[in-house]
1. I'd like the full set of residues that are under 11 Å from Ala77 (Cβ atoms) and surrounded by 15 or more Cβ atoms within 10 Å (Cβ to Cβ), limited to the stretch 38-49.
2. Output the residues belonging to the stretch 66-116 that are among the hydrophobic types (A, V, I, L, M, F, W, C), within 20 Å of Arg140 (Cβ to Cβ) and assigned to a loop (DSSP other than H, G, I, E, B).
3. Could you list, in sequence order, all residues of the stretch 124-141 that are part of a loop (DSSP other than H, G, I, E, B) and surrounded by fewer than 14 Cβ atoms within 10 Å (Cβ to Cβ)?
4. Mind counting the residues in the stretch 1-47 that are without any contact (Cβ under 8 Å) to a residue 24 or more places away in the chain and either of a type in the set (Lys, Arg) or assigned to a helix (DSSP H, G or I) (or both)?
5. Quick check on the stretch 84-123: of everything there that is out of contact with any Ser or Thr (no Cβ under 7 Å at 6 or more places or on another chain), at pLDDT below 90 and of a type in the set (Gly, Ala, Ser), which residue is surrounded by the most Cβ atoms within 10 Å (Cβ to Cβ)?
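The values are calculated or read from the model by the stated rules, or taken from the named source; none is laboratory data. Being a predicted model, the structure only gives us computed values, none of them experimental. FYI the Cβ positions are ideal-geometry reconstructions off the backbone, even for glycines, and counts take in every protein chain you see.
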Amino acid sequence: MHCLGGDLGWLERPDWARDCLTRALTAWGFDAVHLDVEVWRMPGWEDDRVRLRLLDQYVTLLRTVRQVGLPLEVDVAPRLAGDFRIGVETQPAEQAGGPRQTFAEEGRLVLDREAAVVSNHLTGNPLYLGVAVHDWHHWRRLA
């Protein structure tokens with residue numbers, strides 16, 4: 001069960017978002033956090049300078065909410081994805097946020113197989129730029 005949050009005010013107060021979600025997670029025992037903060041609905045979004053500021057606040061919000069320590073999912077409008085890659089995690093589970101977040105235990109063969117499935121599915125998408133490996137050092141150590 002995921003805790004859903006989407007207050008646009010969290011862009012200005014990411015610590016408040018983290019604290020609200022922490023309280024909800026403690027009280028209700030959620031398994032993950034799911035954010036639906038529709039930053040593109042903020043006033044001034046069409047202005048390049050405002051949009052860059054809002055996106056910076058959004059990234060800060062995501063980093064702050066990650067401190068809760070549970071898996072994080074986000075809703076993102078397709079128009080925000082000018083270019084995209086699918087990231088794969090290779091760090092040990094304790095660093096990656098749990099065994100479901102990484103290929104560290106499954107190894108290189110499983111990572112390669114799953115990356116191929118994703119690539120085959122997305123190859124026709126003109127915005128898809130491929131697979132990116134998080135943490136080259138750990139990727140090189142995969143068996």
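1. Kept after step one, since they are under 11 Å from Ala77 (Cβ atoms), are these residues of the stretch 38-49: 38-41, 45.
Across the stretch 38-49, the qualifying residues are Val39, Trp40.
2. If we filter the stretch 66-116 for residues that are among the hydrophobic types (A, V, I, L, M, F, W, C), which is where we start, we get 68, 70, 72, 74, 76-77, 80-81, 84, 86, 88, 93, 96, 103-104, 109-111, 115-116.
Then drop every residue that is not within 20 Å of Arg140 (Cβ to Cβ), which leaves 86, 88, 93, 96, 103-104, 109-111, 115-116.
Selection gives Phe103, Ala104.
3. The initial filter retains those residues of the stretch 124-141 that are part of a loop (DSSP other than H, G, I, E, B), namely 124-127, 135.
Residues satisfying the conditions are Gly124, Asn125, Pro126, Leu127.
4. Qualifying residue count, the stretch 1-47: 9.
5. Result: Gly97.
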